[in-house]
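Following: one structure in structure tokens, then a few remarks.
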Amino acid sequence: MTDLQASLIGIGVAIVVGVIAYNKWQEYRAKKHVERAFSDPVDDVLMKTGTAETGAQRQEPVLDGFAATRDKMEPSLGESASQQEEGISAEKSVSDDAGFSEKDELPVDELIDCEILMSLEEPARSEKLLTQLQTLRYTGNKPVHFVGLVEDEQGQASWQAVVPGKTYIQLKAGVQLANRTSALNEIEFSELLMRLRQIADVIGAEPEIPEMSDVTEKAKQLFQFVADHDAKLGISIRSNGAPWQVATLNAALEKQGFELRPDGLFVMKDRQNGQTLFTLSTNELPASEIATRLTLLLDVPCVAPEKDGFGQMIQCAKALCVRLDGSLIDDGNQLLNDSFLEEISGQVKDFYSEMHACTIPAGSTRAMRLFN
């Protein structure tokens, strides 16, 4: 091997190493950025911690993110107050439970999805479309859905979910703009566009691509709403005497109506629709044979107000206190009395009203999609 060949090989190796190192550095920077964005600890709902100067002290109960956003929150994610009031009135006339029309229950929702119209060159049967559309379900961790424009016998067109046995004259793709973990970013959006163009070439369509900057900005605003309303409300039960035997405890929880999941978490479900109302954990290792404390947790934005998740959780906790000889406490081991719990209940109602004013009622399809 000549010196020239050896030099060229060395240069090639150096370039490859440099590229790998650069990629690792980019991954490290992205990871640190995410860690910084989500590094703030979640405040306990029932117990706040004081500053270093004043020391730890008990404060009035507030839902996480509620008090700080009550005054500054804009209605309907940017709509004017009059538009918001008109929207709520119209929604209530359709349904007192959730305030949604049938249009809002489509898989593509203009409020929480980025809509991308796909103009078909000619009407297409769903059998042809579904083969391609089913290959695109996510971009990153954001779900992607499709709806199609259908004409009835009277020539009236309406957007519907894409299902077998129908012919569609237009398509619309929708990618969710945010969820509990992050907002739709440029990389995820670029990946979506690449996949959509591939699908469009096969089915004979032309996607109308929105500006990336507009999409990501809307995604950031929606994610801010999610972050401000990501409230989980917890209370605990402490044993008044000897630790509970896990076998006895499990039997008592099942009698109370809990279901044990494979991951060891107990779930209380709504009897009407099977959705989770609140969960219970023992705060012990899976192999532990005893437990001294139980924690009940309500995922506030995921439970509809009419289900009274907080009220049911408190009622269940009190029943367990009687059955297991325990006391109702907060995370600071301080006893919770009825007046304290009523105060929290009032804050929960205010929180629900705030979410409804933003046309994302707690427990609704929109809320369940965003807070997943």
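On the given criteria, is I169 open to solvent by 70 Å² or more (accessible area, probe 1.4 Å) and among the β-branched types (V, I, T)?
no
What pairs come up if the first residue lies in the range 267-288 and is in contact (Cβ under 8 Å) with a residue 60 or more places away in the chain and at positive phi, the second is open to solvent by 30 Å² or more (accessible area, probe 1.4 Å) and not in a strand (DSSP E or B), and their beta carbons are under 6 Å apart, counting only those six or more places apart or on different chains?
From the range 267-288, no pairs qualify.
Among the numbered conditions (1) open to solvent by less than 40 Å² (accessible area, probe 1.4 Å); (2) within 13 Å of I235 (Cα to Cα); (3) under 19 Å from the mean Cα position of the chain (by Cα); (4) touching a residue at least 24 places away in the same chain (Cβ under 8 Å), tell me where V303 comes up short.
Here V303 meets the rest and fails (2).
Considering the range 277-300 alone, what residues qualify as being under 20 Å from the mean Cα position of the chain (by Cα) and either open to solvent by 60 Å² or more (accessible area, probe 1.4 Å) or closer than 18 Å to R369 by Cα (or both)?
L277, F278, L297, L298, D299, V300
Check off (1) out of contact with any helix residue (DSSP H, G or I) (no Cβ under 6 Å at 6 or more places or on another chain); (2) open to solvent by less than 30 Å² (accessible area, probe 1.4 Å) for V175 and give me the number that stays unchecked.
It fails just one condition, (1).
Pairs, please: C-beta under 7 Å, at least 6 apart or cross-chain, first residue closer than 16 Å to P286 by Cβ and in the range 241-256, second part of a helix (DSSP H, G or I) and modelled with pLDDT of 90 or more?
Close Cβ pairs (under 7 Å, with a partner that is part of a helix (DSSP H, G or I) and modelled with pLDDT of 90 or more) amount to W244/L324.
Just to be sure, is E115 charged (D, E, K, R) and either farther than 30 Å from V300 by Cα or out of contact with any Gly (no Cβ under 7 Å at 6 or more places or on another chain) (or both)? Break it down stepwise before answering.
Values: charged (D, E, K, R): yes; either farther than 30 Å from V300 by Cα or out of contact with any Gly (no Cβ under 7 Å at 6 or more places or on another chain) (or both): no.
No, not satisfied.
Residues of the range 256-272 being touching a helix residue (DSSP H, G or I) at 6+ places or on another chain (Cβ under 8 Å) and charged (D, E, K, R), which ones?
Across the range 256-272, the qualifying residue is only D270.
I'm trying to understand the selection: among the residues of the range 293-317, which are charged (D, E, K, R) and farther than 15 Å from D270 by Cβ?
R293
Of all residues in the range 213-251, how many are loosely packed, with under 15 Cβ neighbours inside 10 Å, outside any loop (DSSP other than H, G, I, E, B) and among the aliphatic types (A, V, I, L, M)?
2
The values are calculated or read from the model by the stated rules, or taken from the named source; none is laboratory data. The model shown is predicted, which means the values in this text are computed figures rather than measured ones. Neighbour counts are summed over all protein chains in view; Cβ atoms, including those assigned to glycine, are modelled from backbone coordinates with ideal geometry. Heavy atoms of the whole protein, side chains included, go into the accessibility calculation; ligands, DNA and RNA do not. Shrake-Rupley method; radii C 1.70, N 1.55, O 1.52, S 1.80 Å.
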